[in-house]
Amino acid sequence: MADEEIRPAGTADVPVVEGVIDAAFRPYIERIGRVPQPMEEDHAANVAAGKVFVTGDPVTGLVVVEAFEDHLFLDIIAVHPTAHGRGVGRRLLRFVDAQARALGLPEVRLYTNALMWENQEIYPKYGYELVERRLDWPYDRVHYRKRLL
């Protein structure tokens, strides 16, 4: 599992990208009282734009990233529940760090829903620091960054 490739998603991957995101985020609907933003994104457009990277055969995890002038934004990280505990998320986070460094970007930024408290326990373990909690209507978000340089 540790040596599985992380590769750019292609058009044929769109249905599985949607499936992994649905499986990863569906459990949060009841808790947060609405569909999480990752489930509403245009995954085909993100794949076409080269923002989605997947791992596993079949795909068990993915990230959606976007480069900005001063940081790499980690828009989505999703691991299929059947792959939890196998290090998939850890490998994807290391991949995101490597992508930012390869682009010469000094930090990675992300946010998570304030009611997804599991994420708030995970991200600091991987070097992310809390920046702020902010209401981005209709979502209550906790923003993080990880400085790489």
Candidate set from segment 99-139 (those that are out of contact with any Leu (no Cβ under 8 Å at 6 or more places or on another chain) and touching a residue at least 40 places away in the same chain (Cβ under 8 Å)); member that is most open to solvent (accessible area, probe 1.4 Å): 115
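Among residues belonging to segment 1-34 that are assigned to a helix (DSSP H, G or I) and open to solvent by 70 Å² or more (accessible area, probe 1.4 Å), point out the one that is nearest to residue 63 (Cα to Cα). Break it down into steps so the answer makes sense when it comes.
Of the residues in segment 1-34, the ones assigned to a helix (DSSP H, G or I) are 11-25, 28-32.
Now restrict to residues that are open to solvent by 70 Å² or more (accessible area, probe 1.4 Å): 11-12, 15, 18, 30-31.
Values: 11: 15, 12: 16, 15: 15, 18: 12, 30: 23, 31: 23 Å.
For segment 1-34, the residue satisfying everything is 18.
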Flag if residue 88 is open to solvent by 20 Å² or more (accessible area, probe 1.4 Å), of a type outside the set (Phe, Trp, Tyr), touching a strand residue (DSSP E or B) at 6+ places or on another chain (Cβ under 6 Å) and touching a residue at least 40 places away in the same chain (Cβ under 8 Å): no
Pairs where the first residue, in segment 54-81, is within 15 Å of residue 146 (Cβ to Cβ) and in a loop (DSSP other than H, G, I, E, B) and the second is open to solvent by less than 60 Å² (accessible area, probe 1.4 Å) and acidic (Asp, Glu), C-beta under 7 Å, 6+ apart: 71/107
Search result, residues across segment 58-79 that are open to solvent by less than 30 Å² (accessible area, probe 1.4 Å), hydrophobic (A, V, I, L, M, F, W, C) and farther than 15 Å from residue 47 by Cβ: 72, 74, 79
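The values are calculated or read from the model by the stated rules, or taken from the named source; none is laboratory data. Remember, predicted model here, so these are calculated numbers, not experimental data. Virtual Cβ from ideal backbone geometry, glycine too; neighbours counted across all protein chains shown. Only protein heavy atoms, including side chains, enter the accessible area calculation; ligands, DNA and RNA are left aside. Shrake-Rupley method; radii C 1.70, N 1.55, O 1.52, S 1.80 Å.
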